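Single-structure report; data block below.
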Amino acid sequence: MSPQPAPLTPVDLFLLGRTLMKIGEEALPEPVLGADKGSGQFRGGTRAVLVVLSDVYAHDSTSVGAIAARTGLPQSQVSGAVARLKEAGSIETAPDPADGRRQLIRQAAGVSDRVAEVRTAGIEEALATALGGAADDRLREVTDALAVLARHLTPESVSRLRP
């Protein structure tokens, strides 16, 4: 009989989340700058972009200030993420009818090439690398476990932690 694993502590859970976030960042295809913006790719800010995008999906017609308040990200970081998401075609902005100085942010009506690219990206290569070139059965076991976690711990789960 194999020994029972020790229960996870809050620190273990936090570190696992950080590890999974880094693997997810590695698995994301890098966006390529448009021809009018120069050549090459840009890195950095992936976490902020994903946090902002998930907030926009949860709160349609929102503002930079409201996103910053809900997410805890600095307003400058939210503004940068909004600019990247707008350039990628993931979101749209329009003047706030109540305050013409403010922009309201919402999901793009259609699916941009970038959104389609990210939605079809796989995690297997990054996960296998993180596992040290794991055997197929180990990779499948971890992938299956992640699928269970993703099914039960959705982004909406966070809203239930603190009202």
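Computed with every protein chain present, the accessible area of LEU28 is close to 40 Å² [probe 1.4 Å].
Within the shell defined by Cβ-Cβ distances under 15 Å, the residues around GLY65 carry a net charge of 0, with Lys and Arg each +1 and Asp and Glu each -1. Accessible surface for the chain, divided over its residues, is 70 Å² per residue with a 1.4 Å probe. Computed about the Cα centre, the dipole magnitude for the range 74-140 is approximately 280 debye when only Lys and Arg (+1) and Asp and Glu (-1) carry charge, each at its Cβ. Computed with a 1.4 Å probe on the full set of protein chains, the accessible area for GLU30 sits at about 40 Å². Taking all protein chains together and a 1.4 Å probe, the residues ASP12, ASP113 rank ASP113, ASP12 from largest to smallest accessible area.
Comparing SER112, GLY100, ALA88 along the charge dipole axis of the range 67-124, the residue lying farthest to the positive side is GLY100, per the Cβ-charge model. The accessible area of LEU20, taken with all protein chains in place and a 1.4 Å probe, comes to roughly 60 Å². Put LEU139, LEU149 in order of accessible area, highest first, and with a 1.4 Å probe you get LEU149, LEU139. Taken one residue at a time, the phi angles of the range 117-130 give Karplus couplings (6.51, -1.76, 1.60, θ = phi - 60°) of 4, 5, 5, 9, 5, x, 10, 4, 5, 5, 5, 4, 5, 5 Hz. Gly and Pro are set to x. Solvent-accessible area assigned to carbon and sulfur over the chain amounts to 58 percent, based on a 1.4 Å probe. Residues HIS59, HIS152, ordered by accessible area of protein heavy atoms at a 1.4 angstrom probe radius and largest first, appear as HIS152, HIS59.
The values are calculated or read from the model by the stated rules, or taken from the named source; none is laboratory data. Quick caveat: nothing in here was measured; it's all calculated off a predicted structure. Here the Cβ is made from the backbone with ideal geometry for all residues, glycine too, and neighbour counts use every protein chain on show. Calculation scope for accessible area: heavy atoms of the full protein, side chains included, ligands and nucleic acids excluded. Shrake-Rupley method; radii C 1.70, N 1.55, O 1.52, S 1.80 Å.
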